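A short write-up of the structure that comes next.
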Amino acid sequence: MPRIIGGSLSEHREETRRRLFAALARLMEQRGFDAVTLAEIAQEAGIGRTAVYNHVPDKESLLIEYIAHETQGWLAELEAQLAGVSDPVGRLRVYVQHQLRMRRTFHMPADLRSTVSPTTQARLREHAAPVEGALRQILTDGMASGAFVTQPLDVATGLVHACLTSRVAVGAGKRGTDPAAATEAFVLRAVGASAGA
């Protein structure tokens, strides 16, 4: 019988998942999702290879659980940061800053969608929907209040996310520039808000 990590089965399950998620993240950053096996993830996590199957049936299921966990945490943090911020420009600033901080710590391989099954691709899109939904609500409120120019919501949402996921936005600044500040100012201009507002 495998050794229990923590004081209860519930604690054991949570700690095992935490270790698996951390191992998956490290290995994906080093080698990419496609190049890593579930056995290697188990070894990196310090968990018996066969014990992993008590938690997930395969590597793609682990990926989906990891993304769901990260998304849930991201949304909870965003909600806490938005509490008490009613101004649409302020809310968009919080969203941009939060998204950029997440991008610096949460490295999702750019080619991931091409390396997983169509079913997993669809599930990954489902987990992106709440993140997109938060931005859509901020933009909708800003347009309705006149703080942002009225423009097609789908296009604006896609363009803002494209800015926030670019390497320029999350990279190191050159000659004293701050990519996060430049990205925030660019996004605010793109929606018709004054960067000084």
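The values are calculated or read from the model by the stated rules, or taken from the named source; none is laboratory data. What you see is a predicted model, and the numbers here were worked out from it, not measured in a lab. Quick reminder, even Gly has a Cβ in these numbers, built from the backbone with ideal geometry, and neighbours come from all protein chains shown.
Can you go through Ala22, Ala45 and tell me which one is in contact (Cβ under 8 Å) with a residue 12 or more places away in the chain, surrounded by 17 or more Cβ atoms within 10 Å (Cβ to Cβ), outside the structural domain of Arg101 (by the TED database) and small (Gly, Ala, Ser)?
Ala45
Counting residues that are at pLDDT 90 or above and surrounded by 15 or more Cβ atoms within 10 Å (Cβ to Cβ), which helices (runs of 4 or more DSSP H) fully inside segment 55-170 reach at least 3? Working first, answer last.
Numbers: elements: 59-82, 88-105, 112-115, 118-145, 153-165, 167-170.
Answer list for segment 55-170: 59-82, 88-105, 118-145, 153-165.
From the set of residues in segment 11-54 that are farther than 24 Å from Thr119 by Cα and among the polar types (S, T, N, Q), which is modelled with the highest pLDDT?
Ranking the candidates gives Gln43 first.
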